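To keep things clear, I will list the structure first and then write my remarks on it.
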Amino acid sequence: MCGIAGFSGGYDGILLDRMINSIAHRGPDDSGIWFNEAMSVGLAHKRLSIIDLSSDAKQPMANAQETITIVFNGEIYNYRELRKELQKKGYSFNSNSDTEVLIHLYDEFGHEMLNKLNGIFAFAIWDHLKEELFIARDGLGVKPLYYVQNNNGFLFASELKAILKDQGVDKSLNHQAIHYYLSYLWCPAPHTMLKSVLKLEPGYALAVKDGEVQKKWCFYDLPYGQQVFNSSENEIAKNLAEKIKEAMHRQMVSDVPVGAFLSGGLDSSAVVALASQMNPDQELDCFTIGFENSTGKFEGFTEDLPYAQKVAKYLGVNLHTITVGSEMVNRIEEMIYFLDEPQADPAPLNALFISELAREHGIKVLLSGAGGDDIFSGYRRHFALLSEKYWSWLPKTGLKSLRILSNKLPQNNSIGRRLGKAFRYADCSDEERLASYFLWIDENIQRSLYTDDLRNALADTSAVDPLRQTLGRIPEEKNPLNRMLYLEAKHFLADHNLNYTDKMGMAAGVEVRVPLLDKELIDFATRIPPHLKQKGRIGKYIFKKAMEPYLPKDVIYRSKSGFGAPLRQWLHGDLRKVVMEMLGEGSLKNRGLFDPKSVSRLVEDDYSGKIDASYPIFSLMCIEWWMRMFLDKGGI
């Protein structure tokens with residue numbers, strides 16, 4: 001787990017040094033730079049030492065012939081098996097690192113090496129003979145990678161802030177991205193807030209020559225559309241448990257101590273339960289967060305800490321807890337800086353506090369339960385989707401009436417919000433309705449917040465377009481739940497959850513692993529019959545059945561709780577003055593993006609209790625925060 005940066009084109013070693021130093025938090029253990037002036041190519045690396053702690057694993061790393069040079073961020077979980085395969089082919093190794101395995105794997109298989117990898121990664125390989133830069137990002141998007149191509153050449157880095165160290169990068173705003181951030185609270189890849197900078201999509205690779213992208217291709221996609229298992233429920237549950245154990249075994253590989261997140265929810269509890277079995281003679285260190293004065297109840301989510309304590313006692317693991325209060329709001333700006341994106345969700349702060357706590361206890365690797373909801377079906381929208389069968393048969397006029405009725409439902413309580421969201425797109429096409437479940441604001445209300453210039457610039461942009469295009473990649477998958485799970489993995493997981501999981505962990509110098517997103521486990525999960533994922537009101541049904549031998553039933557079948565923070569309370573209290581300043585007339589007129597009167601009306605309606613617009617308001621604030629940091633101050 002590290003930070004990488006580099007270029008191909010008309011740049012110099014000074015830029016390389018500035019880029020890698022801007023993401024020094026990603027690799028506090030070591031650093032390295034390789035620059036070939038004749039070839040106009042450079043690679044840089046910040047190292048967090050996890051596997052092979054010796055200097056033999058230092059990066060950038062080259063083969064003995066110096067025909068291949070690599071910088072690599074992540075872990076290859078099947079590197080030992082690949083190493084044995086390569087040794088049989090005559091390759092010798094000077095280190096015990098997975099980085100050297102990648103070098104020889106490329107030497108033997110070229111671009112086809114990607115088909116052999118099970119891991120989380122973003123890497124760049126310079127092929128001296130082909131004079132080609134080969135870049136790839138893992139299939140689920142656990143590791144981030146940004147890039148830009150302009151007249152000077154090609155730049156890439158683990159974080160956007162490193163890209164901005166090149167003063168020549170065009171900082172023109174991407175208006176579509178602004179629309180998406182307000183719509184979803186996150187932005188679908190490849191878009192970023194800047195027109196010129198792109199996120200490499202999960203499972204994609206690039207071939208770059210002479211500073212220009214020559215080829216871009218998808219080497220991995222989630223295998224939905226396959227024949228589902230026809231085994232019994234009990235057999236599938238048993239096999240699923242074995243697959244998770246195998247994933248845990250692979251992802252426990254490390255030359256430093258491994259700890260784990262433990263919220264007390266099913267996903268993290270399952271990971272901890274099986275991880276603790278891997279080394280039964282050694283107590284696993286686990287980390288969680290608690291809120292002062294039960295502030296979570298203000299937001300309507302169940303307090304996790306008692307469940308985390310119960311699971312820790314049941315499994316016999318060490319539980320370390322950090323208790324936080326209103327001081328969390330003081331770190332929101334820092335959160336956005338590390339995220340590189342204006343993601344309007346306070347949940348990353350929880351991950352940041354927990355990662356810092358782990359690092360204080362000497363833990364550099366944390367196991368996370370991220371991905372369980374996205375793979376096995378655990379969100380409320382999954383149940384809402386399956387509930388469409390009770391009304392989707394209505395004629396077009398009936399569906400239109402449902403949509404009109406949805407606009408009249410009260411939005412200041414959770415029931416009204418959920419029903420309104422369920423029916424707001426009732427008369428739309430199947431794909432539009434599927435995508436609409438991810439929206440946080442009605443698009444018409446959203447457009448009313450824009451200035452005339454921004455509204456005109458977005459005249460041809462629909463919020464659901466990116467997700468609708470993504471669904472076009474799996475025409476063979478007909479089941480609505482599987483189609484939604486595909487969107488979860490490709491966007492909500494990759495563009496939101498995994499982005500903040502990686503960035504918050506790395507801000508504290510901690511590697512976060514996600515065993516429930518193991519490649520082989522994903523391949524198995526996509527073949528589980530959908531009715532065993534969401535069974536009536538029970539989400540993650542088959543996963544819960546699989547975990548019954550390992551966890552108490554009241555933990556497995558507890559009500560789902562969000563990994564959140566008291567945002568509504570903050571906006572009405574500690575952040576109220578900040579809201580008024582950042583979304584005030586002077587600030588908004590200076591940007592020229594949002595209409596001050598419309599935004600003021602939205603804020604007033606929220607404060608009066610007429611509506612609940614907490615997340616759209618926070619999204620507007622995060623966008624302004626982002627622009628102040630990354631445009632006004634250049635990401636410094």
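The values are calculated or read from the model by the stated rules, or taken from the named source; none is laboratory data. Quantities reported herein were computed from a predicted structural model and do not represent experimental measurements. Reconstructed Cβ throughout: ideal geometry from the backbone, glycine too, with neighbour counts over all protein chains shown. Side chains are part of the model used for accessible areas, which takes the heavy atoms of the whole protein and leaves out ligands, DNA and RNA. Shrake-Rupley method; radii C 1.70, N 1.55, O 1.52, S 1.80 Å.
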Considering only the range 603-636, how many residues are surrounded by fewer than 20 Cβ atoms within 10 Å (Cβ to Cβ) and in a loop (DSSP other than H, G, I, E, B)?
8
Of all residues being at pLDDT 95 or above and hydroxyl-bearing (S, T, Y) in the range 304-347, which is farthest from K143 (Cα to Cα)? Just the residue, please.
Y314
Helices (runs of 4 or more DSSP H) completely within the range 447-558 that count 3 or more residues being open to solvent by less than 20 Å² (accessible area, probe 1.4 Å):
465-471, 480-487, 498-507, 519-525, 541-547
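In the range 577-602, what residues are of a type in the set (V, I, T) and open to solvent by 10 Å² or more (accessible area, probe 1.4 Å)?
V578, the sole residue that qualifies.
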Criterion: surrounded by fewer than 21 Cβ atoms within 10 Å (Cβ to Cβ) and part of a helix (DSSP H, G or I) - qualifying residue of S231, S269, S254, S276
S276
All conditions in (1) at pLDDT 95 or above; (2) touching a His at 6+ places or on another chain (Cβ under 7 Å) are true of M278 except (1)
Unmet criterion (only one of (1) open to solvent by less than 30 Å² (accessible area, probe 1.4 Å); (2) under 30 Å from L262 (Cβ atoms); (3) outside any helix (DSSP H, G or I)) for I441
(2)
Please work out which one of (1) in a loop (DSSP other than H, G, I, E, B); (2) at pLDDT 95 or above; (3) out of contact with any Pro (no Cβ under 9 Å at 6 or more places or on another chain); (4) of a type outside the set (K, R) is the condition F156 fails and give its number.
(1)
Residue list for the range 84-121, restricted to those being without any contact (Cβ under 8 Å) to a residue 24 or more places away in the chain, surrounded by fewer than 20 Cβ atoms within 10 Å (Cβ to Cβ) and under 29 Å from the mean Cα position of the chain (by Cα)
G110, E112
Single condition G362 does not satisfy, out of (1) assigned to a loop (DSSP other than H, G, I, E, B); (2) closer than 25 Å to F492 by Cβ
(2)
Considering only residues that are touching a residue at least 12 places away in the same chain (Cβ under 8 Å) and either basic (K, R) or open to solvent by 50 Å² or more (accessible area, probe 1.4 Å) (or both), which ones fall in the range 18-29?
R18, R26, P28, D29
Considering each of I363, I354 in turn, give the residue that is closer than 27 Å to L160 by Cβ, open to solvent by less than 50 Å² (accessible area, probe 1.4 Å) and among the β-branched types (V, I, T).
I354
Subset of the range 159-181 (residues that are open to solvent by less than 10 Å² (accessible area, probe 1.4 Å), farther than 20 Å from L493 by Cβ and part of a helix (DSSP H, G or I)):
K161, A162, I163, I178, H179
Taking first residues from the range 380-393 that are under 10 Å from P480 (Cα atoms) and in contact (Cβ under 8 Å) with a residue 12 or more places away in the chain and second residues anywhere that are in a helix (DSSP H, G or I) and among the basic types (K, R), the pairs with Cβ under 9 Å that are 6 or more apart or on different chains are L385/R433
Breaking point among (1) touching a strand residue (DSSP E or B) at 6+ places or on another chain (Cβ under 9 Å); (2) over 25 Å from L160 (Cα atoms), for G573:
(1)
I'd like to know if the range 61-83 contains one or more residues that are crowded, with 20+ Cβ neighbours inside 10 Å, of a type in the set (G, A, S) and farther than 24 Å from G42 by Cβ.
no
Return the residue satisfying two criteria in turn: it lies in the range 315-332 and is touching a strand residue (DSSP E or B) at 6+ places or on another chain (Cβ under 6 Å) and over 11 Å from F353 (Cα atoms), and of such residues it is surrounded by the most Cβ atoms within 10 Å (Cβ to Cβ).
L319
